[in-house]
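Read the structure below first, then the notes.
The values are calculated or read from the model by the stated rules, or taken from the named source; none is laboratory data. Computed from a predicted model, the values in this text were never measured in an experiment. Note: ideal-geometry Cβ built from the backbone for every residue, glycine included; neighbour counts use all protein chains shown.
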Amino acid sequence: MNGFLTEDFLLSNDVARRLYRQFAAQQPILDYHCHLSPRDIAENRQFANLFEIWIEGDHYKWRAMRANGVQEKYITGDATPYEKFLAWARTVPYTLRNPLYHWTHLELQRYFGIHELLDETSAPSIWERANAALQTLTTHAILQKFNVEVVCTTDDPTDDLRHHRASAQSNLPTRVFPAFRPDKALAIDNPDFAAWVDKLSAAANVEIHDLSAFLAALRKRHDDFHSLGCRLSDHGLNHCYATPCSERMAAAIFTKARERQSITQDEHTQFASFMMLFFGRLDAEKGWTKQLHLGALRNVNTAARQKLGADTGYDAIGDFSQAEHLSAYLDLLAKESALPQMILYNVNPADTFQFATLIGCFQDGDRPGKIQYGSAWWFLDQKQGIKAQIDALSNAGLLSRFIGMITDSRSFMSYPRHEYFRRVLCDIIGQDVLRGELPDDDAILGRLIQDICYRNAKQYLGLPASRQG
């Protein structure tokens, strides 16, 4: 009988265990998409307790606690950090077969050497032992402990980037780069759009009075990000935008928004489409990689949003039409010879094979794997979702060119997600070998594992060798 979370966790056969230990486990981590705080990294934050590093801001845990009948006071409310941790500890036994059960105990093991199961009884001891370990486990120590070679955060064009400058001048071995996420530039129908444009004006030191100045300010910030080593952009959208829109039309829509006039849905779609092409061209000019995270249905609980704010755990998988919009966007850029490297992520499992096949339509022979099918994302970044993404890419494309896993996390406790992914990957390959579907050849399989876990991303992303890009 197998034990729980032993060294053979998720590795069901000898081939998988050999591949993981010899070729996957020691690979560095390139965390090229996450939501870690640049400030926490720059200031080498020391967390006061297990709640701060583990539960504060973790929407996955919040959703599970709500499902378990925990009052909001003990989730995002005014309860003490220990009371909130205890509420989570009481919830953990009810997360059986949810990936949170695995992640929770994997993190306790890897960060603190704690092998006990977390529940209400063990909570006091685990709280004390983890808090003692956190006295030395700062953000820098965590990055070094997990051999994190690169972190790419997610940053708005109006961010001043001072924390990235501080990290670039520090002795931290991990290279920390910003990633450009200009989604607010598309949200012309948002009541806060005009205020955001004012922030952009200040950040770029460009007086924004019309569309031309708006684009100039964004280009200036794109340049500023590039100077600090940024080589990736990112969009998180319901679906891609690709409705034809002339610059004259976009300028007229922009003027309406600056004058705080109401913007129609059609005008928003036209303007967003114009801006997506603008950003695609910018990325292609500088040799950046563009990431598209598509399909989330966000903030669906109006009462909860009004009470707690946006992005507090009330998102779901959306059923948006993807292929037509996305293929049109890629096609428009390709016709201009302005298609950058791109990573496409879906959150709806119904779109998995759709995305896996679509990337093959825009590979141009210029470089291997130019258009990537991104790793299993958000609700799909668990064993079944990871396997489905790998199987779809294997059947419709080239798994051997895949650039591997990201944390996509706000938590410094998420680095075992890379271990989790690597174990699942090695088990898939090991099972193929046992079925006679792949050769039992370490020269071939070892290269495959190393490439997916690390080397493909390193070559593909072309990140600067130093933090000051």
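State yes or no: is residue 89 out of contact with any Ser or Thr (no Cβ under 8 Å at 6 or more places or on another chain), more than 20 Å from residue 34 (Cα to Cα), outside the structural domain of residue 25 (by TED's automatic domain parsing) and aliphatic (A, V, I, L, M)? Criteria not met by residue 89. Surrounded by fewer than 19 Cβ atoms within 10 Å (Cβ to Cβ) and closer than 27 Å to residue 56 by Cβ - does that describe any residue in the range 383-399? Within the range 383-399 (the criterion being surrounded by fewer than 19 Cβ atoms within 10 Å (Cβ to Cβ) and closer than 27 Å to residue 56 by Cβ), the answer is yes, since at least one residue qualifies. Checking each residue in the range 1-34 for being in a loop (DSSP other than H, G, I, E, B) and hydrophobic (A, V, I, L, M, F, W, C) picks out 1, 4, 5, 9, 10, 11, 25, 34. Residues in the range 184-200 that are in contact (Cβ under 8 Å) with a residue 60 or more places away in the chain, surrounded by fewer than 18 Cβ atoms within 10 Å (Cβ to Cβ) and not small (Gly, Ala, Ser): 189 only. Exactly one residue among 335, 290 is touching a residue at least 12 places away in the same chain (Cβ under 8 Å) and of a type in the set (Lys, Arg), and that residue is 290. Being in contact with a Gly (Cβ under 8 Å, 6 or more places away or on another chain) and either surrounded by 18 or more Cβ atoms within 10 Å (Cβ to Cβ) or closer than 24 Å to residue 195 by Cβ (or both) is the filter here; which residues of the range 214-238 pass it? The answer is 226, 228, 229, 230, 231, 238.
Out of everything in the range 287-310 that is basic (Lys, Arg) and surrounded by 15 or more Cβ atoms within 10 Å (Cβ to Cβ), what residue ends up being nearest to residue 376 (Cα to Cα)? Working first, answer last.
Initial filter on the range 287-310 (basic (Lys, Arg)): 290, 298, 305, 307.
Now narrow it down to the ones that are surrounded by 15 or more Cβ atoms within 10 Å (Cβ to Cβ): 290, 305.
Numbers: 290: 17, 305: 27 Å.
Applying the filter and picking the extreme gives 290.
Scanning the range 217-253 for residues that are more than 20 Å from residue 339 (Cα to Cα), assigned to a helix (DSSP H, G or I), of a type in the set (A, V, I, L, M) and touching a residue at least 12 places away in the same chain (Cβ under 8 Å) returns 217, 249, 250, 251, 253. Taken over the range 145-181, the residue count meeting the criterion of being assigned to a strand (DSSP E or B) and of a type in the set (Ser, Thr, Tyr) is 0. Criterion first (surrounded by fewer than 23 Cβ atoms within 10 Å (Cβ to Cβ), hydrophobic (A, V, I, L, M, F, W, C) and either modelled with pLDDT of 95 or more or touching a strand residue (DSSP E or B) at 6+ places or on another chain (Cβ under 6 Å) (or both)) does residue 376 satisfy it? It is false that residue 376 is surrounded by fewer than 23 Cβ atoms within 10 Å (Cβ to Cβ), hydrophobic (A, V, I, L, M, F, W, C) and either modelled with pLDDT of 95 or more or touching a strand residue (DSSP E or B) at 6+ places or on another chain (Cβ under 6 Å) (or both).
So that you can scan it fast, the table gives a plain yes or no per residue for (1) under 30 Å from residue 287 (Cα atoms); (2) in contact with a Gly (Cβ under 7 Å, 6 or more places away or on another chain); (3) surrounded by fewer than 17 Cβ atoms within 10 Å (Cβ to Cβ):
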site	(1), (2), (3)
112	no, no, no
116	no, no, yes
132	no, no, yes
142	no, no, no
147	yes, no, yes
182	yes, no, no
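Scanning the range 311-338 for residues that are surrounded by fewer than 19 Cβ atoms within 10 Å (Cβ to Cβ), assigned to a helix (DSSP H, G or I) and not hydroxyl-bearing (Ser, Thr, Tyr) yields 323, 324, 328, 331, 332, 334, 335.
For the range 139-183, the candidate set comprises residues that are touching a strand residue (DSSP E or B) at 6+ places or on another chain (Cβ under 8 Å) and of a type in the set (Asp, Glu); within that set, the residue that is nearest to residue 28 (Cα to Cα) is 149.
Return the residues of the range 338-355 that are farther than 18 Å from residue 289 by Cα, touching a residue at least 40 places away in the same chain (Cβ under 8 Å) and not acidic (Asp, Glu); say none if nothing qualifies.
We begin by selecting, within the range 338-355, every residue farther than 18 Å from residue 289 by Cα; these are 347-354.
Still in the running and touching a residue at least 40 places away in the same chain (Cβ under 8 Å): 347-348, 351-353.
Matches in the range 338-355: 347, 348, 352, 353.
Determine, yes or no, whether residue 414 is surrounded by 19 or more Cβ atoms within 10 Å (Cβ to Cβ), at pLDDT 95 or above and in a loop (DSSP other than H, G, I, E, B). Yes, satisfied.
The requirement of being charged (D, E, K, R), closer than 27 Å to residue 54 by Cβ and either touching a Leu at 6+ places or on another chain (Cβ under 9 Å) or not assigned by TED's automatic domain parsing to the domain that holds residue 317 (or both) is fulfilled nowhere in the range 429-440; no residue meets it. Just checking, does the range 430-448 include any residue being over 25 Å from residue 7 (Cβ atoms), in contact (Cβ under 8 Å) with a residue 24 or more places away in the chain and either among the polar types (S, T, N, Q) or surrounded by 15 or more Cβ atoms within 10 Å (Cβ to Cβ) (or both)? Among the residues of the range 430-448, not one is over 25 Å from residue 7 (Cβ atoms), in contact (Cβ under 8 Å) with a residue 24 or more places away in the chain and either among the polar types (S, T, N, Q) or surrounded by 15 or more Cβ atoms within 10 Å (Cβ to Cβ) (or both), which makes the answer no.
Contact annotation: residue pairs with Cβ atoms under 7 Å, 6 or more positions apart or on different chains, pairing a residue in the range 453-469 that is aliphatic (A, V, I, L, M) with a partner that is at pLDDT 95 or above and in a loop (DSSP other than H, G, I, E, B), are 457/32; 457/403; 457/404; 461/32; 461/231; 463/229; 463/231.
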